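A.B. asks: Structure below; questions to follow.
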Amino acid sequence: MEKQKNGLGRRKEAVTRVFLSKGDGKITVNEKDYKVYFPLVYLQNQVEAPLKAIEAIDKFDVVINATGGGVKGQAEAAKLGIARALLEVNADYRPVLKAAGFLHRDPRGVERKKPGRKKARRSFQFSKR
């Protein structure tokens with residue numbers, strides 16, 4: 001692999017651009033270490049998951065640019081972006097990543113607000129009198 005490989009991940013309103021290159025396992029998100037950017041352990045596990053699935057956690061350096069959405073959406077978008085970048089590195093990773101569900105974009109979004117309601121499903125308080 002002579003140059004870096006790219007992957008794009010999306011989840012809700014979050015978009016991440018992932019740049020993968022050979023290295024020693026350093027993961028940075030918006031120029032910060034991913035453990036600082038994602039302080040919750042389960043979000044850190046989301047980001048690491050595709051690399052752990054192919055047992056290459058210490059073989060690649062990952063640089064992630066995350067925009068939009070919340071922290072959880074960005075972590076899940078990063079997971080998809082890393083998986084897509086790994087496919088560019090080696091297409092033989094596909095069965096492992098697909099079986100783990102890392103190549104599927106979650107299509108769920110925010111439900112729209114309905115007329116006559118306070119939010120999408122929440123009604124105004126009802127009083128019989």
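A.B. asks: Using beta carbons and a limit of 6 Å, which pairs, at least six apart or on different chains, have the first residue in the range 19-48 and touching a residue at least 24 places away in the same chain (Cβ under 8 Å) and the second one aliphatic (A, V, I, L, M) and part of a loop (DSSP other than H, G, I, E, B)?
C.D. replies: Close Cβ pairs satisfying both conditions: K22/M1; G25/I57.
A.B. asks: So, in the range 95-113, how many residues would count as being exposed (fewer than 14 other Cβ atoms within 10 Å of the Cβ) and either under 17 Å from L51 (Cβ atoms) or more than 15 Å from the chain's Cα centre (by Cα) (or both)?
C.D. replies: Residues flagged as exposed (fewer than 14 other Cβ atoms within 10 Å of the Cβ) and either under 17 Å from L51 (Cβ atoms) or more than 15 Å from the chain's Cα centre (by Cα) (or both) within the range 95-113 amount to 8.
A.B. asks: Could you grab the pairs with beta carbons closer than 6 Å, sequence gap of 6+ or different chains, first residue in the range 101-115 and over 18 Å from Q46 (Cβ atoms), second one small (G, A, S) and modelled with pLDDT of 95 or more?
C.D. replies: E111/A120; K113/A120
A.B. asks: Assess whether V96 counts as being assigned to a helix (DSSP H, G or I) and β-branched (V, I, T).
C.D. replies: For V96, the condition - assigned to a helix (DSSP H, G or I) and β-branched (V, I, T) - is met.
A.B. asks: Would you please name the residue that is surrounded by the fewest Cβ atoms within 10 Å (Cβ to Cβ), looking only at residues in the range 21-65 that are more than 26 Å from K98 (Cβ to Cβ) and among the polar types (S, T, N, Q)?
C.D. replies: Result: N30.
A.B. asks: Here's something else I'd like to know. Based on what the data block shows, is V18 under 21 Å from R108 (Cα atoms), surrounded by 14 or more Cβ atoms within 10 Å (Cβ to Cβ) and not aromatic (F, W, Y)?
C.D. replies: no
A.B. asks: Which of the numbered conditions does D58 fail, given that it passes all the others? Conditions: (1) in a loop (DSSP other than H, G, I, E, B); (2) on the phi < 0 side of the Ramachandran plot; (3) out of contact with any Gly (no Cβ under 7 Å at 6 or more places or on another chain).
C.D. replies: (3)
The values are calculated or read from the model by the stated rules, or taken from the named source; none is laboratory data. Keep in mind it's a predicted model, so treat the numbers as computed, not measured. Cβ coordinates were reconstructed from backbone atoms using ideal geometry, including for glycine residues, and neighbour counts include every protein chain displayed.
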